[in-house]
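Heads up: the structure comes next, in structure tokens.
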Amino acid sequence: MRVMALDIGEKRIGIAISDPDERVATPLSVLDASQVERGEKAFKRLLEDWEPELFLVGLPLTLHGEEGPQSLRIRSVASGISARFGIPVEYSDERLSSREAKRILREEGLSEREMRGKIDMIAANVFLQAWLDEKASDNADASAKFAGAGTTIE
């Protein structure tokens with residue numbers, strides 16, 4: 001299943017996509033928030049090209065793991081996008097994803113000016129990859145428990 005991550009900001013939305021096996025995240029695009037919210041052509045084209053079955057939306061949690069002040073707005077925008085396109089939405093902790101995105105772009109040699117417009121897309125990629133990794137780890141743990149079930153140790 002392909003998962004499309006949305007890093008919803010006030011002006012822009014960063015977009016990343018998973019591979020069908022849900023192992024690798026790839027940064028895709030940054031669009032004006034209004035283009036995505038209104039379902040304009042650029043966003044529709046991404047949906048047609050990649051056919052995601054789930055939207056993963058980053059929520060800005062506090063360092064204590066509680067929802068921050070922007071969470072209500074982000075949930076509202078995400079619900080609207082989900083309803084418009086008939087694609088379910090899940091939420092993921094996006095704490096520090098923008099900071100990590102800046103670090104990655106700085107390592108690539110980009111200046112602050114060159115980073116503008118790319119940070120949101122890389123942040124979406126960061127929290128999508130973390131979500132995929134956590135899911136893979138949970139699946140591996142479940143498989144290990146299942147494999148050991150019913151085994152007698154002498």
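Summary table below
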| quantity | calculated |
| --- | --- |
| Residues that are farther than 20 Å from S92 by Cβ and free of Cβ contacts under 8 Å to residues at least 40 places away in the same chain, drawn from region 26-42 | D32, S34, Q35, R38, E40, K41, A42 |
| Selection count, region 95-110, where residues are aliphatic (A, V, I, L, M) and in a loop (DSSP other than H, G, I, E, B) | 2 |
| Which numbered condition V36 misses (of (1) in contact with a helix residue (DSSP H, G or I) (Cβ under 9 Å, 6 or more places away or on another chain); (2) in a helix (DSSP H, G or I); (3) surrounded by fewer than 17 Cβ atoms within 10 Å (Cβ to Cβ); (4) at pLDDT 95 or above) | (3) |
| Extreme residue, farthest from L6 (Cα to Cα), among residues of region 48-94 that are of a type outside the set (D, E), in contact with a Pro (Cβ under 7 Å, 6 or more places away or on another chain) and not in a strand (DSSP E or B) | G68 |
| Flag if D49 is on the phi < 0 side of the Ramachandran plot and surrounded by fewer than 16 Cβ atoms within 10 Å (Cβ to Cβ) | yes |
| Single condition A16 does not satisfy, out of (1) over 19 Å from A101 (Cβ atoms); (2) crowded, with 21+ Cβ neighbours inside 10 Å; (3) of a type outside the set (K, R) | (1) |
| Region 1-25, subset farther than 16 Å from V89 by Cα and assigned to a strand (DSSP E or B), residue modelled with the highest pLDDT | A25 |
| From the options L46, L28, residue that is at pLDDT 95 or above and out of contact with any helix residue (DSSP H, G or I) (no Cβ under 7 Å at 6 or more places or on another chain) | L46 |
| Number of positions in region 1-35 that are charged (D, E, K, R) and within 21 Å of R116 (Cβ to Cβ) | 5 |
| Qualifying residue in region 60-72 (condition: among the charged types (D, E, K, R) and either under 18 Å from V126 (Cα atoms) or buried (at least 17 other Cβ atoms within 10 Å of the Cβ) (or both)) | no |
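The values are calculated or read from the model by the stated rules, or taken from the named source; none is laboratory data. In this text, all values refer to a predicted model and were calculated from it rather than measured experimentally. Here the Cβ is made from the backbone with ideal geometry for all residues, glycine too, and neighbour counts use every protein chain on show.
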